[in-house]
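The values are calculated or read from the model by the stated rules, or taken from the named source; none is laboratory data. None of these values were measured; they are calculated from a predicted model. When we count neighbours, we look across all protein chains shown, and the Cβ atoms used for this are built from the backbone with ideal geometry, even at glycine. Ligands, DNA and RNA are excluded from the accessible area calculation, which covers all protein heavy atoms including side chains. Shrake-Rupley method; radii C 1.70, N 1.55, O 1.52, S 1.80 Å.
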Amino acid sequence: TLMMVTDRLFLSKYSVDSFAASLPASILSWTLTSFWFGTIGYINVFVAQYHGAGRVKNIGHSVWQGLFIAVLGASTFLPAILLARHWFEMSGYPEKVVAEGTAYFQVLGLGALPALVNVALACTYSGRGKTLPLLGVNLVAMLFNIVADYALIFGHFGLPELGIRGAALATILSSMVSTICWIVVLRIDPETKEFGFREGMRFDPALLKRILWFGIPNGLTMCLEAAMFNIFIALVGQLGRIELAATNLAFTLNMLAFVPMVGFMIALETLVGRRIGENRPDLAEKTTWNAAGLCSAYMAAWVAVYLLFPTAIVRLFQSTDPAEFEGVETVAVRLMQFVAAYTVFDGLQIIFGGAIRGAGDTRFSMIFWLSSELLILIIPTYVMLHYFGGGLFSAW
């Protein structure tokens with residue numbers, strides 16, 4: 001989360017157009033990545049169930065299937081890179097946003113492989129509830145990203161000034177740093193020798209089919225959510241660059257609360273999967289309600305921040321042009337009230353969805369997301385904006 005916030009924080013100091021373009025471009029990238037992220041990430045549940053059942057030799061074999069899927073997923077970005085500008089033009093964004101968004105997405109798409117590889121390798125630890133290595137690897141990548149953003153966006157340390165392309169390149173390099181860290185951690189960790197990584201380094205159609213059977217609905221759920229969000233951003237972007245920039249800012253601040261809940265969800269998927277492997281569904285249910293309580297308390301704290309200090313947190317992103325930023329700030333402060341209104345519910349749907357997927361039911365989650373996002377978010381927003389002359393606040 002902090003890596004994405006850092007990108008946008010630096011871009012807000014560089015150019016309002018770059019800042020406005022970073023949201024639709026990153027959402028488009030996430031829409032394409034999320035399917036593979038969700039599919040590969042479900043190996044986390046396989047690892048949890050194998051660990052709970054004492055079948056640790058299968059862990060390495062499962063992770064290798066995830067690496068094969070990662071190579072396939074990265075290859076799908078090549079046509080998307082070529083067609084990116086057409087998407088931004090069809091979405092009706094202003095020309096400067098089209099140019100900046102295309103540049104950001106095209107560079108970011110080149111780094112899909114290390115990003116997806118990291119998802120598979122991380123499952124070795126997240127699936128066993130060993131979260132400190134994940135924290136360590138991500139801290140290293142985050143610190144590297146901060147320095148790389150500063151250097152590549154503005155052209156410091158003798159490097160060229162790349163603007164929004166520099167932000168995307170910094171993200172790619174940070175993903176590669178994460179991959180190197182994971183390889184080092186897996187090689188020096190004595191526990192991983194029991195997981196059959198060397199013996200499991202082979203293509204297994206039967207296991208791959210099982211992973212895809214459960215993983216694809218999970219990936220589709222994440223992809224559909226991102227796609228609907230992408231359409232919402234495109235609809236808002238047609239209202240103007242100030243509205244788009246303010247929405248970008250509000251969602252960026254919302255990420256500080258929302259994305260850590262994905263960590264709660266992964267933890268819950270792991271624990272529920274482990275209890276299912278141990279044949280203890282009663283503990284799985286108790287764990288889910290505990291997670292819901294923790295989530296609600298965490299989100300309630302963010303609600304207080306959004307309501308009590310909206311101007312202060314919005315001004316963290318103040319651009320070098322105060323007059324231009326003043327219009328963005330006024331709108332963004334109002335939008336933080338909307339964020340505060342839905343934040344707790346947003347966290348709870350992540351938690352309960354994770355519990356269901358951890359128990360092995362990925363199809364219900366997919367159907368739920370498709371129906372709710374389409375019927376409650378996209379269709380009403382489109383109707384309000386195009387038939388009733390609604391504005392930004394009606395969309396929100």
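Test Ala151 against the stated conditions and say whether it is open to solvent by less than 60 Å² (accessible area, probe 1.4 Å), within 25 Å of Ala245 (Cβ to Cβ) and assigned to a helix (DSSP H, G or I). In short, yes.
Set side by side, the residues Val47, Val71, Val137 differ, and just one is at pLDDT 90 or above and touching a Cys at 6+ places or on another chain (Cβ under 6 Å), which is Val137.
Return yes or no: is Phe393 open to solvent by 50 Å² or more (accessible area, probe 1.4 Å) and under 18 Å from Gly41 (Cβ atoms)? Give the derivation first.
On the way: open to solvent by 50 Å² or more (accessible area, probe 1.4 Å): yes; under 18 Å from Gly41 (Cβ atoms): no.
When the stated conditions are applied, Phe393 does not pass them.
Candidates Val339, Val328: the one that is modelled with pLDDT of 90 or more and assigned to a helix (DSSP H, G or I) is Val339.
Restricting attention to segment 191-210, which residues are open to solvent by 100 Å² or more (accessible area, probe 1.4 Å) and in a loop (DSSP other than H, G, I, E, B)? Lay out the reasoning, then the answer.
Taking segment 191-210 and keeping what is open to solvent by 100 Å² or more (accessible area, probe 1.4 Å), we get 193-194, 198-199, 201-203, 209-210.
Once the filter is applied, which keeps residues that are open to solvent by 100 Å² or more (accessible area, probe 1.4 Å) and in a loop (DSSP other than H, G, I, E, B), segment 191-210 yields Arg198, Glu199, Met201, Arg202, Phe203.
Look at Leu162 and say whether it is crowded, with 18+ Cβ neighbours inside 10 Å, part of a helix (DSSP H, G or I) and at pLDDT 80 or above. Considered against the rule, which asks whether it is crowded, with 18+ Cβ neighbours inside 10 Å, part of a helix (DSSP H, G or I) and at pLDDT 80 or above, Leu162 comes out as no.
Could you list all residues from segment 9-18 that are open to solvent by 10 Å² or more (accessible area, probe 1.4 Å) and part of a helix (DSSP H, G or I)?
Leu9, Phe10, Lys13, Tyr14, Val16, Asp17
Note on segment 339-367: among residues that are open to solvent by 70 Å² or more (accessible area, probe 1.4 Å) and in contact (Cβ under 8 Å) with a residue 60 or more places away in the chain, the one that is farthest from Ala291 (Cα to Cα) is Arg363.
Every test in (1) within 18 Å of Pro24 (Cβ to Cβ); (2) open to solvent by less than 10 Å² (accessible area, probe 1.4 Å) is passed by Gly127 save one, and that test is (1).
Restricting segment 76-98 to residues that are without any contact (Cβ under 8 Å) to a residue 60 or more places away in the chain and among the small types (Gly, Ala, Ser), the residue that is least open to solvent (accessible area, probe 1.4 Å) is Ala84. With respect to Leu370, is the statement that it is closer than 30 Å to Arg210 by Cβ and either open to solvent by 50 Å² or more (accessible area, probe 1.4 Å) or not in a helix (DSSP H, G or I) (or both) true? Criteria met by Leu370.
Enumerate the helices (runs of 4 or more DSSP H) found wholly within segment 19-98, keeping only those where 2 or more residues are under 30 Å from Asn279 (Cβ atoms).
Once the helices (runs of 4 or more DSSP H) in segment 19-98 are filtered for at least 2 residues that are under 30 Å from Asn279 (Cβ atoms), what remains is 43-52, 57-75.
Out of the residues in segment 230-241 that are open to solvent by 50 Å² or more (accessible area, probe 1.4 Å) and assigned to a helix (DSSP H, G or I), which is modelled with the highest pLDDT? So the residue we want is Ile231. So Leu271 ticks every box in (1) touching a Ser or Thr at 6+ places or on another chain (Cβ under 6 Å); (2) open to solvent by less than 30 Å² (accessible area, probe 1.4 Å) but one. Which box is left unticked? Going through the list (1) touching a Ser or Thr at 6+ places or on another chain (Cβ under 6 Å); (2) open to solvent by less than 30 Å² (accessible area, probe 1.4 Å), Leu271 breaks only (2). Among the residues of segment 283-297, none qualifies, meaning not one is under 28 Å from Leu11 (Cα atoms), open to solvent by less than 70 Å² (accessible area, probe 1.4 Å), assigned to a helix (DSSP H, G or I) and among the hydrophobic types (A, V, I, L, M, F, W, C).
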